[in-house]
1. If Phe313 meets every condition in (1) in contact with a Lys or Arg (Cβ under 9 Å, 6 or more places away or on another chain); (2) surrounded by fewer than 18 Cβ atoms within 10 Å (Cβ to Cβ) apart from one, which number is that one?
2. Go through the residues of the range 578-589 one by one and say whether even a single one is over 30 Å from Gln448 (Cβ atoms), free of Cβ contacts under 8 Å to residues at least 40 places away in the same chain, touching a Phe, Trp or Tyr at 6+ places or on another chain (Cβ under 8 Å) and surrounded by fewer than 23 Cβ atoms within 10 Å (Cβ to Cβ).
3. Within the range 186-215, how many residues turn out to be assigned to a strand (DSSP E or B) and farther than 30 Å from Ile465 by Cα?
4. Just to verify a result, which residue in the range 1-56, among those that are part of a helix (DSSP H, G or I) and among the aliphatic types (A, V, I, L, M), is surrounded by the most Cβ atoms within 10 Å (Cβ to Cβ)?
5. Among the listed residues Thr253, Thr300, Thr285, which satisfies the condition of being more than 30 Å from Asp57 (Cβ to Cβ), at pLDDT 95 or above and not assigned by TED's automatic domain parsing to the domain that holds Leu580?
6. Output the number of residues of the range 34-53 satisfying the condition of being in contact (Cβ under 8 Å) with a residue 24 or more places away in the chain and within 20 Å of Asp511 (Cβ to Cβ).
7. Outside any loop (DSSP other than H, G, I, E, B), surrounded by fewer than 17 Cβ atoms within 10 Å (Cβ to Cβ) and without any contact (Cβ under 8 Å) to a residue 60 or more places away in the chain: is that true of Gly93 in this structure?
8. Can you find even one residue in the range 121-140 that is polar (S, T, N, Q) and free of Cβ contacts under 8 Å to residues at least 40 places away in the same chain?
Amino acid sequence: MCGITGFIDYKKKTSMQDLRQMTDVMHHRGPDGSGYERIEQNNYVLGLGHRRLSIIDLTESGTQPMCYKGYWICFNGEVYNYDEIKKELEALGNSFQGTSDTEVVLQAFVRWGSSCVDKFIGMFAFVIYNTSDGQVFCCRDRAGVKPFFYYIKDGLFLFSSELKSFHKHARFEKKLNLASVSAFMQYGNVPTPHSIFENTFKLKPGHFLAFNANDILDDNVLKPANQKCYWNVYDSYNKPKINLSFDEAKNETKKILKSACDYRMVADVPVGVFLSGGYDSASVTALLQNERAERLKTFTISVPDIGLDEAPFAKEIAAYLGTEHTEISCSHKEAIGLIEELPFYYDEPFADSSAIPTTLVSLAARKHVTVALSADAGDEVFAGYNRYDYIQRYGERLNKIPSFFRKSIVKAMEIVPSRAIPYFKNTYNFHNRYEKIKGVMRNPTEEQIMLSLSEQFTDVQMQKIATYKYEKLSTAYASKQLKEEFFSPLSFMMAVDYQTYLVDDILQKVDRASMTVSLEGREPYLDHRLIEWAAQLPDEFKYYKGEKKYILKEILHDYIPKDMMDRPKMGFAIPIAEWLQNDLKHLVDQYINEDLIKSQKLFDWSIVGDIKHQFLSGKKEYDVKMWYFLMFQMWYEKWMT
């Protein structure tokens, strides 16, 4: 895993020094080495920059940018089945200088063109440039594990793994995309393909961008024809369900997941596994440790004084499976101390507070390993989120409740704060859920339930908060790609999550948190073969009689006793309300105050101030909204002032 960046400048003013600065600002992504290539052509100058985190082929033969037959590549990520592709290429007459997957990717492209990506199992974002004809090929992996930003304006094309590279170029215009500001306040991230800045975009997962550097930027835009979707999760959801018995489906699922896990152990450096104690990480650990003589290195984090402590469960599982387990205990102070560093690493506004414990566990694991397997996406692939539970249990019932009665319930909830609800007020994430239930009650269609459970602020609320004209971004939340004959509420929500929450929240969080400490994170559940298979499983294999992730749990029970796993899900949450009202109160007052908000001319202080007042007066259900404001304000100070 590395950091890549570069440019095409039609004014031919971008220097080697500019390229070095764009590249080296991502030192954390690749501390093991760097490479820079600046190529002069008649109409433009092109630059490629690379920061290297050495994982496969630790020798100089893995150095980038890499050239082969006039083709240059900048590559970030891993293609796990590179050795198989390499043998296929060797059978066709290719020869190799080293043992890196980068060289295999480059030669595969030269041999097969864009169709080479169909062969890759892995996570990747790369750019290939052909010096002879000016063709440029930019590609992002199917699930979007690896980031790819690009900017285009005024005869300048920039690309990078992180936005911070663009700030190092004198002609980058950091003008806010106001619709993206609104989207951030709704989702806690800026949805793909949009960016927080105008003229700046994210390449969609499963897409590549292909153009000719000699002529494509005449009108300063990349046309839709220049982008192509080579893989789409809906292609699997829009197929008939597989007709197999549960036991047959279970065995095949186990086989695919085991293959995905094994592939992600390929490395020339130490590899470990994050073990939280839940089903997802326990299944990865169990499948890898079973029949393996060498003990796996597993890691668990606990922050006991903020209520985040799955360590006892993880320790029990590790002992049962026989792994070499490391338990990392962090203090409340250490967790708090990370917050002011977040805007640098998350250089686009980002508000998932679990970035804090994710960074802590990455920091601790990096002392022992260079690669760590994580179990993200188990929920999106096998139906693990509570919102799937809601729509399965209550979707149809809610639609049968008369509209006037539902509206009356919402009015009552507006009057009664979440802290006044007995028993539930002390349960995990209740205050935030209480707020979301209001939206579900207003309009319980599948589309609206999805939006209500995903948004912190509704469209109507954003129209009031924003001092600019509110425009709603076009996002995958509004996708109509799931065909009617294959539609089910569960398939609808899971497919939307795979293209939205997974990409823009979970994967962005894990990439930045792990790269903060130069750790490569690998995700077995994001092997495309797994979602292609799971999408065609009958819904009841994934959600059965109120049991989420049913087939995955049944697989794990073959390795770990059910009674060892049966307990409520803890999550990776932090006590936002308590922090904002106490330890972080000084930041709340520093960044969310009348003078600052009015000077920015983005938000209506009368609305923001009222939310702040109600929250500090005890309405804990406003904690996430306050966190969103704080994260935006801290980002704004770092990157806009």
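The values are calculated or read from the model by the stated rules, or taken from the named source; none is laboratory data. These figures come from a predicted structure and were not determined experimentally. Note that we place each Cβ from the backbone using ideal geometry, even for glycine, and neighbour counts take in every protein chain shown.
1. Against the list (1) in contact with a Lys or Arg (Cβ under 9 Å, 6 or more places away or on another chain); (2) surrounded by fewer than 18 Cβ atoms within 10 Å (Cβ to Cβ), Phe313 comes up short only on (2).
2. Yes, the range 578-589 has at least one match.
3. Total satisfying the criteria: 6.
4. Top of the filtered list is Met22.
5. Only one candidate passes the filter, namely Thr253.
6. Result for the range 34-53: 5.
7. The answer is no for Gly93.
8. Initial filter on the range 121-140 (polar (S, T, N, Q)): 130-132, 135.
Subset that is free of Cβ contacts under 8 Å to residues at least 40 places away in the same chain: none.
No, the range 121-140 contains no residue that is polar (S, T, N, Q) and free of Cβ contacts under 8 Å to residues at least 40 places away in the same chain.
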